[in-house]
Amino acid sequence: AFSGGFQGSLSAIDNIRFVSRIYGMNWRDIVEKVEEFAELGTYLQMPIKTFSSGMKARLSVGLSLAIHFDVYLIDEIPGVGDARFKNRFDEAFKDLRIKSTLFLTSHNPSVIRNHCDVALVLKGGKLSMYDDVNLALKVYEEL
């Protein structure tokens, strides 16, 4: 997500403005989408360096979903937030799978089973592709 590029002394809204402009997006529209998804309220006016890790993750996920990309690289499914936030993320993730190509890394077999159609396993420096996700998980577990 975008959290690695956030400037901690700037507010969340200022960071959203910056990222939106990089991608040629209307920052007001993006702020609105992030506000709706991340539900950070008045914290969006505060410097990011004051955010908890969960708040940063919610902001980052919200921003990643607010700007559409053709391809997403996802290192683990976010595990932050309450049950309601996780449910909203799951719904957004399902929609994202329809609209974009996703590359997901995870060590959690259930995440891979639930979200992947194809799996890649790196073994001995060689990358192998499996159309059968369960077979890929079996090979992975034998490493």
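Observations, loosely collected:
- Scope segment 1-40; condition open to solvent by less than 50 Å² (accessible area, probe 1.4 Å) and in a helix (DSSP H, G or I); matching residues: Ala12, Ile13, Asn15, Ile16, Val19, Ser20, Trp27, Ile30, Val31, Val34, Phe37, Ala38
- The listed residue being of a type outside the set (Ser, Thr, Tyr) and within 22 Å of Ala12 (Cβ to Cβ), out of Ala119, Ala66: Ala66
- Segment 73-95: number of residues that are farther than 21 Å from Pro109 by Cβ and in contact (Cβ under 8 Å) with a residue 24 or more places away in the chain: 4
- Filter result for Thr101 (touching a residue at least 12 places away in the same chain (Cβ under 8 Å) and of a type in the set (S, T, N, Q)): yes
- The residue list Val121, Val111 contains one member that is open to solvent by less than 30 Å² (accessible area, probe 1.4 Å) and in a helix (DSSP H, G or I), which is Val111.
- Residues of segment 96-108 that are loosely packed, with under 13 Cβ neighbours inside 10 Å, in contact with a His (Cβ under 8 Å, 6 or more places away or on another chain) and not small (Gly, Ala, Ser): Lys99 alone.
- Whenever a residue of segment 54-72 is closer than 16 Å to Tyr23 by Cα, its partners that are assigned to a strand (DSSP E or B), lying with C-beta atoms within less than 8 angstrom and at least six residues away or across chains, give the pairs Ser64/Tyr72; Asp70/Thr101; Val71/Thr101; Val71/Leu102; Val71/Phe103; Tyr72/Thr101; Tyr72/Leu102; Tyr72/Phe103.
- Residues located in segment 42-64, provided they are part of a helix (DSSP H, G or I), of a type outside the set (S, T, N, Q) and either open to solvent by 50 Å² or more (accessible area, probe 1.4 Å) or in contact with a strand residue (DSSP E or B) (Cβ under 6 Å, 6 or more places away or on another chain) (or both): Tyr43, Lys49, Lys56
The values are calculated or read from the model by the stated rules, or taken from the named source; none is laboratory data. Model, not experiment: these values are computed from the prediction. Cβ sites come from the backbone with ideal geometry, for glycine too, and all protein chains shown count toward neighbours. SASA here: full protein model, heavy atoms, side chains in, ligands and nucleic acids out. Shrake-Rupley method; radii C 1.70, N 1.55, O 1.52, S 1.80 Å.
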